Amino acid sequence: MPKEKKRQRSPESSYRHHKHKKRRSSDERRQDDCRGRKHDNHKSNEPRVNISESKEYFEHPRADYSEKSGCKDGARISVEERNGSKVAAEADNSDKRMYNEEEEESEVDVNFDFTKYKQSLNRIFFRESDLLKRGSDNYNDFWTFLVKYQDFQRKRAGRKESTHTKLKLPESKFGLPRNYDTCYRLNTSVISKDVEIFLKKGRLIDAEVDKELTRARVRQFQNIFLHYIDFAHKQKFAKLKKIRQDQENLPIFQYKSIIVEKIKEHQVVVVAGDTGCGKSTQVPQYLLQAGFENIACTQPRRIACISLSKRVGYETLNEYGSEVAYQVRFERTRTKSTKILFLTEGLLLRQMTSDPLLTMYNVIVIDEVHERHIHTDFLLGVLKCLLHHRKDLKVVLMSATININLFSHYFDDAPVVKVPGRLYPIQLEYCPIKRGEQNSRSDRLDPSPYLQIMQKINHKYPPSERGDLLIFLSGMSEIMAVVEAARMLAQKTKQWIVMPLHGALSVEEQDKIFDIAPEGVRKCIVSTNIAETSVTIDGVRFIVDSGKVKEMSFDPKYKMQRLQEFWISRASGEQRKGRAGRTGPGVCYRLYDESDYEAFQEYTTPEIQRVPLDSLVLQMIAMGLPDARKFPFLEPPSLQSIENSITFLKDQGALTGQETLTPIGEMLSRLPVDVVIGKMLIMGSIFHMIDPVLSIAAAMSVQSPFTSRAHTDHDAVAARKPLESEHGDPFTLLNAFDEWIKVKADGHGTRKWCKRRGLEEQRFYEMVKLKKQFKELLQDHGLLDKIVEDQQYLTSEERRQKHGERKKLGELRKEKAKESRKRKFLKLEEDDYEVSDGEADDQESDVKDLEFRLSHNLNKLQETANKSRNFTLRDINLLKIILCSGLYPHVAIADDCNSYKRDSEQAFHTKSKPFLLLHPTGVFASHPELLQPTEDFNSMSGPSATSELKGRSSSKHELLAYVSLLETNKPYLMNTMRVPAMQTVTLFSNYLDTSGNCTRIVCDGWLEIQFVQEESAEHVISSVIQLRATWQNLIRLRLQDTFQTSEKEKKINPRALKLENVLAKKLTEFLSSDVQYTIRRILAAEIQHLYIGPDRKADNMDNKTDDEQEKEVHISKITVRGKPHPVKGGIQINEYLTHNCLLDDSTASVWGEYTVCMQRHWTCPRCKTSMIVSYAERLQHESDCQAQNITATKEEETVERQEELHTQLNQFRKSYHCDICDKTLTLTTTEILKHKKTHIT
Amino acid sequence: MSKEFICSSCNFKTQYHYFGKKPPFVKSLVMMEDAYIMKDPFSSEGGIIPLGSHCTICGKSVCLSLECSIFYTKRFCVHCVKENISEFPLEIQTEVMKKKNK
Ligand SMILES: [Zn+2]
Ligand SMILES: [Zn+2]
């Protein structure tokens, strides 16, 4: 059809052009998947049936799936004709018969609109069809196809078609019809009774059909239908073939047999290949094809597990099976038939606690070992040990071509298969910044060297040569400096679109870097090292490398994180350079000298040497590796770091003195969360305050929802004001989350709401997910009851709404799938750039919104959210204590001089680190007045700040509890909340050292509390003993329950319930007590004069001989187990309390000596025994007696039984209001009658 | 274990689930030739993908991509079409010739 060609040229060429711009090779796309970019690529890239391409099916006969050029009008083949088995013989007949029909019937009406008769056509064609189910996606696609097909037919009809006359030609020797018709090229036919009947009789037996649908038209429709089936088949076949082709085009394909061979021969093999070589997706498949089953593939990131499992499932044609599956922390698709399982390293390690030899796997593939995550390193160590016990186990390490020998040597020189990546040549240029050129303002980065390179590019490379620029800088402020300057340049030249890229950007903002710049304009992406490995951007041709990186380092001494700028490693330098050569030859400008490069560290420091090892050590002990110090690490962390973690775990009550797990340690080792978060969750569930604790724990575990804009944009700051909590940042987060739920429940859009407040909505969705996961975790471990959500009752209106939402979600998803196939195009704007299609973002968030609405009971969520909004001060205090149980010893005390300082200079001290500041993003930084407590009734009048209370007694002293310390240019407290000082410290300190009469308590050796009255001191210490004992016993009971009755029905011990009540009541009382005290920080210089020490006799009791002591003990009927503390002196009453070990300050001296020795009459509040005891003896008895409250005393039992009886009786009583005596009484029915009678008489 | 279909022309290999005219997976569909059929792995709604068939003339198995075969009331491998080009209608002739030029 030569004359058609011209017409087709233009759309085709424009298509190609378009295609070129967004062209990305399939393995790059795959790489994105593995990298965990959030879009779900393969599905949108390989749509089921892509109708948008059906145009090509008609118009481009060259296309693989589109050999047709439309059906000649009027041509049709009936079912009977096409159905015969002797097709060849009949083909000829049908040819003839068609002629007859064509003579019989009029020309087919190409303008006939079938879509108007959907209902009737459904009756004829789709009533019983298992090909297209009504309402399915295929069905909808078919109708789209039909419209396009008819369009095409109309165009054809417009042109004079039958130029070549239908000559009667001699018969072909294969019995082929001489007159061409596309229908002869369809190799499928459809059987349908309804269609058959209709074509015979012109009507259906059991249903009415529109009159307009004549037999001819139904035939025409059937014809289109057959073309659709053929089209769909061809397209799916093309998809199959493309999968194979793409696989064979990957660099690693050439190494398939070598890899398989090596794995069969050796126990450990290293596969090294750079980004894009295909190792992550292909090696597991090679193993499967080689006959291996039970293949585990670990990934450092959860999201990579999911996307890889989908991708490999798709490639192995198992998209809908479970042969390829994933399992991550809270989600799994694994079944019995699973052969390849993608899972996180953390999860595989966890599986070893129940299956130490990992017998469920035959091959373990560890991907991205070069990234050297803490779990990767640990896993390698564990596997090294495991290999001795499992000679049949195969281990494959997959790495980029970085430091390969390290891995190979670690596993006794394991063989290495090196796969070259797909990298184009890169021209390297060193352009060191000369010192003199540096701007005098040294704290801000001078952007001019970066601009010079941009100008250089402008001059040297014509704008018609595409290729974007990627600049690597160390941190946010550096990025902002360069972005600002570069945008000025861009405004002048109109040749650049400048955009930042860093972790604090919102997801949408981050996604913009993938959009396409218009012709003649380059993108200039200014990024942190996030673009080095985690985000892959195509089309980058130029790299500018500052050679710097800001990394979080951890200072174990202060448990403080520190953001510092370092030179990068040579490996990083190469990685950065390589980013220029992914799609074509590139150029890399290094803003440092070659000699600098030579001096760089060879490799980046592995994570295990940079981060706290708390969770790791805990897990090692739980796995039966009792001594972390002796573990054969690939590259060991410092011994100091291990020791610090062991100390921390002991302080947290997770490890015993012998470094074995305590019950709480055991529970913590099972929860795959940070120790601090884990403790909060356990306490939250024990105290039935779980919902807010879940929210806060989730908020602490995700990135802050406050974007970088949130703290600089004045409108956002103002709009967010109502969310701020006077109690601190964790409560502000809780408020924000609750309010977000509320806005959603009210049926309003939350996207705009978030945007206005500078909040990143994605984080809230993550929080919801995490909350649910934490909850399930606690339920699985018996810490929370599994409440079966009562069948939600919906009114018909609500049901209709749900249905509507579901339908809309489907539509939106489809739209989105189409949308994400296309890259958006950027527009060059006056002062900034703008994304040409802003609607996609809306769509994205709409989909999330609807998904959320459909999967959550918003009313219920709002109910709990409302609950937390109606917190009383009592609730808040309890909540604070729960949070502190995890956070302690993360507390700081205000500096004495704060009231004389500016807001930004308010200083705080922790035990180990003095002079910390409030981070500017926190609530208290902008409202330091909140840290000035309201005046006590009892205390002196006049203004008082926390600091001014120094040396003054109050019941309102507060400390700041914080989540972490961060040092950037200054050391900061992050995520702070204010907590009642005395209560927090006395409850959570590991050591309480008291004076003889307990009016002076030194907590953990750095905070000194002094009570005004001896009586209240006595009361406090008694409360602390009771609370801590009850707390411990309650935890023990609850954890016993969860450990022992795992199979049996899980039920909370009634004694635990009792203790819960006691604890809640007592704790509330304790928190609201208005005991007057002073608090101060003990300075380092004072420590040596703080304790009496072991040599000096402080107590009368110590003066006595052992005999005398025994006698006395006998008299008072107390077993004094307490021994003098070896260092501090005094008597060690229990694991935290040491009595009378403080050197008395001069004033209290005489009085103290006197009281300590004095024996007084005392009745134990628990066992009710009366005795005459000294202070120490009393403490000893109380401590021992309360420690036994895990079981009830006889007296308590009787009381309990009576109470029970009482409530049973009360079951029959109801509340009755008597109008005559105007009283509400609780009476049984008969009693009510009796009562009424009393009034009658 | 499923059996493997191999195209003699392009070497494309994949598993197939049925060979013949009436794939049992889809009741309302019949093939006009004895074809290698795979259950559609890209859909959860059932369906099939025809993979290829045998050439009517030489009997070799060929996949249904245009590089390897054409269907015109019967399956012909591209090689056999070229050998017997005059037996085919003009439309197919031009199509095959164009391919040659490529
Ligand atoms: Zn083929
Ligand atoms: Zn042949």
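The values are calculated or read from the model by the stated rules, or taken from the named source; none is laboratory data. Bear in mind the structure is a predicted one, so any value in this text is a computation, not a measurement. A quick note on method: Cβ atoms are made from the backbone with ideal geometry, for glycine too, and the neighbour counts reach across all protein chains shown.
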Residues that are polar (S, T, N, Q) and either buried (at least 19 other Cβ atoms within 10 Å of the Cβ) or within 16 Å of ligand 2 (Cβ to nearest atom) (or both), drawn from region B:1-10: B:Ser8, B:Ser9
Unmet requirement for B:Gln15, which otherwise passes all of (1) assigned to a strand (DSSP E or B); (2) at the interface with chain A (Cβ under 7 Å from one of its Cβ atoms); (3) not hydroxyl-bearing (Ser, Thr, Tyr): (2)
Hits in region B:1-12 - residues which are assigned to a loop (DSSP other than H, G, I, E, B), more than 16 Å from ligand 1 (Cβ to nearest atom) and touching a residue at least 12 places away in the same chain (Cβ under 8 Å): B:Ser2
Residue within region B:63-80 that is hydroxyl-bearing (Ser, Thr, Tyr), over 30 Å from A:Arg311 (Cα atoms), away from ligand 1 (no atom under 16 Å from the Cβ) and in a loop (DSSP other than H, G, I, E, B) present: yes
Where A:Gln1013 falls short, out of the listed (1) in contact (Cβ under 8 Å) with a residue 60 or more places away in the chain; (2) surrounded by 24 or more Cβ atoms within 10 Å (Cβ to Cβ): (2)
Test: residue in region B:35-47 that is free of Cβ contacts under 8 Å to residues at least 24 places away in the same chain, more than 13 Å from ligand 1 (Cβ to nearest atom), at the interface with chain A (Cβ under 8 Å from one of its Cβ atoms) and under 25 Å from B:Thr94 (Cα atoms): no
Test: residue in region A:602-610 that is surrounded by fewer than 15 Cβ atoms within 10 Å (Cβ to Cβ) and either closer than 28 Å to A:His890 by Cβ or without any contact (Cβ under 8 Å) to a residue 24 or more places away in the chain (or both): yes
Selection count, region A:397-416, where residues are part of a loop (DSSP other than H, G, I, E, B) and farther than 10 Å from A:Gly273 by Cα: 6
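Condition check ((1) free of Cβ contacts under 8 Å to residues at least 12 places away in the same chain; (2) of a type in the set (Ser, Thr, Tyr); (3) at the interface with chain A (Cβ under 7 Å from one of its Cβ atoms); (4) surrounded by fewer than 18 Cβ atoms within 10 Å (Cβ to Cβ)) across all residues:
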| position | (1), (2), (3), (4) |
| --- | --- |
| B:Lys22 | yes, no, no, yes |
| B:Val62 | no, no, no, no |
| B:Val78 | no, no, no, no |
| B:Lys82 | no, no, no, yes |
| B:Gln93 | yes, no, no, yes |
Test: residue in region B:15-28 that is at pLDDT 90 or above, away from ligand 2 (no atom under 15 Å from the Cβ) and of a type in the set (A, V, I, L, M): no
Residue among B:Glu45, B:Glu67 that is within 15 Å of ligand 2 (Cβ to nearest atom) and surrounded by fewer than 20 Cβ atoms within 10 Å (Cβ to Cβ): B:Glu67
Test: residue in region A:177-187 that is part of a helix (DSSP H, G or I) and more than 7 Å from chain B (Cβ to nearest Cβ): yes
Top-ranked residue of region A:200-218 - restricted to ones that are in contact with a helix residue (DSSP H, G or I) (Cβ under 7 Å, 6 or more places away or on another chain) and crowded, with 19+ Cβ neighbours inside 10 Å, ranked as nearest to A:Glu128 (Cα to Cα): A:Val218
Residues located in region A:636-679, provided they are in contact with a strand residue (DSSP E or B) (Cβ under 6 Å, 6 or more places away or on another chain) and of a type in the set (A, V, I, L, M, F, W, C): A:Leu649
Condition met for A:Gly313 (at pLDDT 90 or above, part of a helix (DSSP H, G or I) and within 14 Å of chain B (Cβ to nearest Cβ)): yes
Residue within region B:92-99 that is on the phi < 0 side of the Ramachandran plot and within 14 Å of ligand 2 (Cβ to nearest atom) present: yes
Residue under evaluation B:Val30, criteria (1) at the interface with another protein chain (Cβ under 7 Å from one of its Cβ atoms); (2) more than 16 Å from ligand 1 (Cβ to nearest atom); (3) under 30 Å from A:Val324 (Cβ atoms), criterion not met: (3)
Any hit, region A:261-271, residues being in a helix (DSSP H, G or I), among the aliphatic types (A, V, I, L, M), touching a helix residue (DSSP H, G or I) at 6+ places or on another chain (Cβ under 9 Å) and at pLDDT 90 or above: yes
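Just to be sure I understand, how many residues within region A:532-556 are among the small types (Gly, Ala, Ser) and modelled with pLDDT under 85?
Number satisfying all stated conditions: 2.
Could you run through region B:53-74 and say how many residues are on the phi < 0 side of the Ramachandran plot and touching a Leu at 6+ places or on another chain (Cβ under 8 Å)?
6
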Residue count for region A:122-155, restricted to those that are touching a residue at least 24 places away in the same chain (Cβ under 8 Å), in a helix (DSSP H, G or I) and within 14 Å of chain B (Cβ to nearest Cβ): 6
Which numbered condition B:Leu51 fails, given (1) closer than 27 Å to A:Asp246 by Cα; (2) within 16 Å of ligand 2 (Cβ to nearest atom); (3) touching a residue at least 40 places away in the same chain (Cβ under 8 Å): (2)
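Conditions tested, residue by residue: (1) at pLDDT below 75; (2) loosely packed, with under 11 Cβ neighbours inside 10 Å; (3) not assigned by TED's automatic domain parsing to the domain that holds A:Leu1057.
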| residue | (1), (2), (3) |
| --- | --- |
| A:Glu1177 | no, no, no |
| A:Gln1180 | no, no, no |
| A:Ser1183 | no, no, no |
| A:Gln1186 | no, no, no |
| A:Glu1195 | yes, no, no |
| A:His1217 | no, yes, yes |
| A:Glu1231 | no, no, yes |
| A:His1235 | no, no, yes |
Residue check for A:Ser954: small (Gly, Ala, Ser), in the same structural domain as A:Asp896 (by TED's automatic domain parsing) and either touching a Pro at 6+ places or on another chain (Cβ under 9 Å) or within 30 Å of A:Asn1053 (Cα to Cα) (or both): yes
Subset tally (residues that are more than 13 Å from ligand 1 (Cβ to nearest atom), of a type in the set (A, V, I, L, M, F, W, C) and either facing chain A (nearest Cβ under 10 Å) or crowded, with 22+ Cβ neighbours inside 10 Å (or both)) for region B:50-60: 1
Contacts under 7 angstrom Cβ, first residue in region A:670-692 being crowded, with 22+ Cβ neighbours inside 10 Å, partner among the aromatic types (Phe, Trp, Tyr), 6 or more apart: A:Leu681/A:Phe774
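When you check B:Phe71 against the structure, is it aromatic (Phe, Trp, Tyr) and facing chain A (nearest Cβ under 7 Å), yes or no?
Criteria met by B:Phe71.
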